[in-house]
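Okay, so here's the structure we're looking at.
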Amino acid sequence: RPRVLSGIQPTADSFHVGNYLGALRQWVDLQATHEAFYSIVDLHAITVEHDPELLRRRTRIAAAQLLALGIDPERSTLFVQSQVPAHTQLSWVLECLTGFGEASRMTQFKDKSVKGGADRSSVGLFTYPILQAADILAYRADLVPVGEDQRQHLELSRTLAGRFNGRFGPTLTVPSPHILKETAKVYDLTDPSAKMSKSSPGGALDLLADVKGSVKKIRSAVTDTGRDVVFDPENKPGVSNLLSLLSVFSGTPVPALQASFEGRGYGDLKKELGEAFAAFVTPLQASVKEYLDDPAELDALLTVGAGRAREVADATVSDVYEKVGLLLR
Ligand code: ATP
Ligand code: MG
């Protein structure tokens, strides 16, 4: 079976619907057809300033959410990145194959370092995409389900795999992105021109947030001029975003939804989305809580996952180290 790998950062108290639509839904589905490796990438989460206790708590909350959403630890390998040293071991080799200019062209660094400026951002934030390449290449993954914002990083992973193979002989698998067009980019509820992000919580619709608060947040979402509920991302980015979300949570295709809103306004759209979202997250939140009630069990499950991940990733690192001329470990 082909392999799939993906990761998510434990950078917030909850995942948001952008994470779910752009990535996590595909993670769950791909378990049926692929050998899956899913990682909570905590090493990526320390590239920006963070609180240690909060990070530990968020890592467990992330695991609980993935399990509640349907990641099956029997079928898939669910693990925490920092518990598998191969990621950083491979990352160094890949850093030595990456041009400084090439790394400088990664736009996420610019986006995430705007506040403090590049001078005050960490080198870890700068090399983030190379660690991400190592995350993927260590498992020789064929497919990587991500949102549109990760396309550029995926391209770098492909380039680095190809470069390594060209220089040292066929070793690494060149991964393909798996980006679903309709849900590749969910927009911020308060600013439909920006990506919904864990790092801008104001406009994010969080899976674990208080449901009443979320319904309110949907009600005050920024919409567009006019009154017709039509899917037109160019001219009606706010309304189109809400329609995409409602489509997923109601299981109704966008064109059918649009037809059902004929003669009705934005208020009805928001009301239906609020109801559909509440129906989705209410049982999910109960399930997350159950997982979190037993942190020892959760940690044990992640330890097993890390063990399985290590076997696969260590083999790749040994292969890579040998190819580049390091003495065998
Ligand atoms: P941060 O702000 O900390 O970077 P994030 O919300 O971007 O958080 P990540 O952990 O970086 O979340 O990304 C996890 C996955 O979710 C990635 O595959 C990413 O492409 C996807 N993703 C993140 N935001 C969106 C979005 N708004 N729409 C679609 N997919 C998204
Ligand atoms: Mg992100």
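The values are calculated or read from the model by the stated rules, or taken from the named source; none is laboratory data. Fair warning: this is a prediction, and the values are worked out from it, not measured in the lab. Here the Cβ positions follow ideal geometry from the backbone for every residue, glycine too, while neighbour counts run over all protein chains shown. Accessible surface is based on the protein model in full, side chains and every heavy atom, while ligands, DNA and RNA are left aside. Shrake-Rupley method; radii C 1.70, N 1.55, O 1.52, S 1.80 Å.
Whenever you get a sec, compute what percent of the accessible area on the range 233-294 sits on carbon and sulfur atoms (1.4 Å probe).
Carbon and sulfur together cover 54 percent of it.
In whole Å, how far is the Cα centre of the range 37-55 from that of the range 124-198?
First find each Cα centre; the distance between them is then 18 Å.
Given R₀ = 25 Å, what would the calculated FRET efficiency be for Val324 paired with Glu155, taking r from the Cβ atoms and rounding to 0.05?
0.65
Compare Gly202, Gly117, Gly147 in a GNM of the chain, Cα atoms joined below 10 Å, and give the one with the largest fluctuation.
Gly117
Can you list the HN-Hα couplings for the range 120-135, worked out from phi with the Karplus curve (6.51, -1.76, 1.60; θ = phi - 60°), rounded to whole Hz and with x for Gly and Pro?
In residue order, the calculated couplings are 9, 8, 7, 5, x, 5, 5, 8, 2, x, 7, 4, 5, 4, 5, 3 Hz.
Would you tally the net charge around Gln9, using a Cβ to Cβ cut-off of less than 13 Å, leaving Gln9 out, and scoring K and R as +1, D and E as -1?
Numbers: positive: Arg58, Lys112, Lys198; negative: Asp13, Asp42, Asp135, Asp149.
Charge balance near Gln9 sits at -1.
Keeping every protein chain in place, order His87, His178 by accessible area at 1.4 Å, biggest value first, i.e. largest first.
Reading off the accessible areas and sorting them downward yields His178, His87.
Rounded, prolate or oblate: which fits the range 91-187, taking a ≥ b ≥ c as square roots of the Cα gyration tensor eigenvalues, rounded meaning a/c under 1.5, else prolate when a/b beats b/c?
Oblate is the answer for the range 91-187, as a/c is 1.5 or above yet b/c matches or exceeds a/b.
Give the residues of the range 164-199 whose amide nitrogen is closer than 18 Å to a point set 7 Å from the Cα of Glu234 in the direction of its Cβ.
Within reach of a label on Glu234: 182, 193.
So what is the relative contact order for the range 106-196, in percent, with contacts set as C-alpha pairs under 8 Å and at least six apart?
26
At R0 = 22 Å, how high is the FRET efficiency between Asp314 and Thr88 if r is their beta carbon distance? Nearest 0.05 is fine.
Efficiency, from the Cβ-Cβ distance: 0.95.
Label the range 1-74 by shape, choosing from rounded, prolate and oblate, from the square roots a ≥ b ≥ c of the eigenvalues of the Cα gyration tensor; if a/c is under 1.5 it is rounded, and otherwise prolate applies when a/b is larger than b/c, oblate when it is not.
Prolate is the answer for the range 1-74, as a/c is 1.5 or above and a/b outweighs b/c.
What are the residues whose amide H is under 5 Å from the amide H of Val80, where those residues sit 5 or more places off or on another chain and H is modelled from the backbone?
Ile40, Ala306
Taking H as built 1.01 Å from N, whose amide H comes closer than 5 Å to the amide H of Tyr187, not counting residues under 5 places away?
Those qualifying (amide H under 5 Å, at least 5 residues apart or on another chain) are Met196.
Count the lysine pairs in the range 209-329 that are 8 or more places apart or on different chains: how many have C-alpha atoms under 27 angstrom apart?
Lysine pairs satisfying the spacing and distance rule in the range 209-329 number 15.
Nearest-5 percent of antiparallel DSSP beta bridges in the chain?
In the chain, approximately 10 percent of DSSP beta bridges are antiparallel ones.
Using only the heavy atoms of the protein chains and a 1.4 Å probe, how would His16, His50 rank by accessible area, largest first?
The most accessible residue leads, giving His50, His16.
Between Ala279 and Val254, take the C-beta separation as r, use R0 = 25 Å, and let me know the FRET efficiency to the nearest 0.05.
E between Ala279 and Val254, to the nearest 0.05, is 0.85.
In terms of Cα to Cα distance under 20 Å, which aspartates and glutamates are near enough to Lys110, apart from those fewer than 8 places away along the same chain?
Glu49, Glu95, Glu102, Asp119, Glu148, Asp149, Glu155, Asp188, Asp191
Determine the shape class of the chain: with a ≥ b ≥ c the square roots of the Cα gyration tensor eigenvalues, call it rounded for a/c under 1.5, and otherwise prolate if a/b is greater than b/c, oblate otherwise.
Since a/c reaches 1.5 and a/b is larger than b/c, the shape of the chain is classed as prolate.
Which residue fluctuates most in the GNM of the chain (Cα springs below 10 Å): Leu143, Leu298, Leu189?
Leu298
Can you list the HN-Hα couplings for the range 214-230, worked out from phi with the Karplus curve (6.51, -1.76, 1.60; θ = phi - 60°), rounded to whole Hz and with x for Gly and Pro?
Calculated HN-Hα couplings, in order: 5, 4, 5, 4, 5, 4, 9, 4, 5, 10, 10, 5, x, 9, 7, 8, 10 Hz.
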